[in-house]
Structure formats: C-alpha cells, structure tokens
1. What's the local net charge at residue 97, with K and R +1, D and E -1, over the other residues with C-beta under 9 Å away?
2. Quick query: amide H of residue 93 versus all other amide H atoms, modeled in the peptide plane; which residues come in under 5 Å with a sequence gap of 5 or more or a different chain?
3. Rounded to the nearest 10 degrees, what's the angle between the helix 2-19 long axis and the longest principal axis of the chain, both from Cα atoms, 0 to 90?
4. Per-residue HN-Hα couplings for segment 74-85, Karplus 6.51 cos²θ - 1.76 cosθ + 1.60 at θ = phi - 60°, whole Hz, x for Gly and Pro?
5. I'd like the antiparallel share, as a percent to the nearest 5, of DSSP beta bridges with both residues in segment 31-179.
6. Mind running the shape call on segment 46-107? Use the C-alpha gyration tensor, a ≥ b ≥ c as the square roots of the eigenvalues: rounded below 1.5 for a/c, prolate if a/b tops b/c, oblate otherwise.
7. With Kirkwood radius over Cα pairs in Å defined as stated, name the option among [x] 18.0; [y] 19.0; [z] 17.3 computed from the structure displayed.
8. How much length would be gained if the chain were fully extended between residue 39 and residue 158, taking 0.36 nm per residue of separation minus their Cα-Cα distance, in nm to one decimal?
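All of the numbers you see were taken from the coordinates with simple rules; none came from a lab. Note that the coordinates shown come from a computational prediction; the quantities given were computed from them, not determined experimentally. Cβ sites come from the backbone with ideal geometry, for glycine too, and all protein chains shown count toward neighbours.
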Amino acid sequence: MKKWIQVITLIAALIGAAAWLPTAFDYFRKAEIYGKIISNYGTKSNDGNLVYLLKLSIFSKNKTFYLKDIRAFIKFPGSEKELECKPWTWRKASFTFAENGKEITKQLQIDSKEYLLHFTIFPKDQTVVGYFAFSVGYLEDEMFDYIRFIFDDYSGNSVELKITKAEIQTNKLIFDDNIWK
C-alpha cells in the first residue's frame, strides 16, 4: 500500500511540474517580430533623396519586446546593394501626390508619439500600429524590392523583419486622410 501512495505522489508531482513547462519554455524563447505595411507614402525631397512614410502593424510573438531602436535598410530594383535608411520623426513635412491627373502637395501633420521610434514596448501577442519615416539616398522614384527592419532591444538583442514588394498589396493599403492637411 505504501508503494502505491509513493507512485501516486510521484505521478501527481510530475503532472504538477509539467503544468509549469510552458512558462519555463516561454522564458527561454526569443521574441519574433512580424508585421505588414498598412500605408506607404513616398516623395522626392528638395535635395533629390527619396522620403518615405510607412504605417506599420507590428506583432511580437512569444515574448514582449522592449524596443530601444529601429534600423532600416532598403533595396531598390537594379541596385546591387541595400541602402541604409535615415529615420526621421517629422511632425510636418510636404509630400507630393498624383490626384486626378494633377500633382498636389499635402502637408504631413502627425503627432510625434505615433512614430514607432518613440515606442518602448511591443507587448507579447498584441498588435502595435505606428509610423516609420525615413529618407534614403536614391535618385529614382520607384517602388522598393524590400525593406528590412532591425529592431534592437535594451539587452543588445536584435530581431529582423523583412517586407518584400510582393507582400505589399497595393489594393489593401489605406490613405490616412487624418494625417494630411
């Protein structure tokens, strides 16, 4: 009888310990960042560089990601290498759009706290939406092949997200009327 009690106690202890395994595994998992482009605006600046404003939806899987910085690299068709993007947090900037066969200029008016660069937390399994603006030294006004983001955390870890031209469905992009004046 005593042996059966020990066996049952051992089984109960193993079941109880197994209940904690998912939590223990989560502790050792790394955050994975997924995302997509919701809006994509581009224009040529006065100095001949290209200027972009992207609205991104970002999702951190497995773990909360504590964001320190974002770096971005872009590859254009015909270009042999990636170009490093220079991030900005413009509150006001001018973009030129084609509308009804005419080129019109609209003034960007966005609250600076809506930029992803100002976020510090991507919560686990929750979507975060924000803007990423940058300029890049490229002369042709054309759609990029891909953009690669590197998200750095405070522990020195980095997570990469690459969004290709094929993943950007232009018919599903939105035009944010509320950020343009």
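1. Around residue 97, the surrounding residues sum to -1.
2. For residue 93, whose amide H was placed from the backbone, the distant partners under 5 Å are 108.
3. 10
4. 10, 10, 9, x, x, 7, 7, 9, 6, 10, 7, 8
5. In segment 31-179, approximately 95 percent of DSSP beta bridges are antiparallel ones.
6. prolate
7. [y]
8. 40.4 nm
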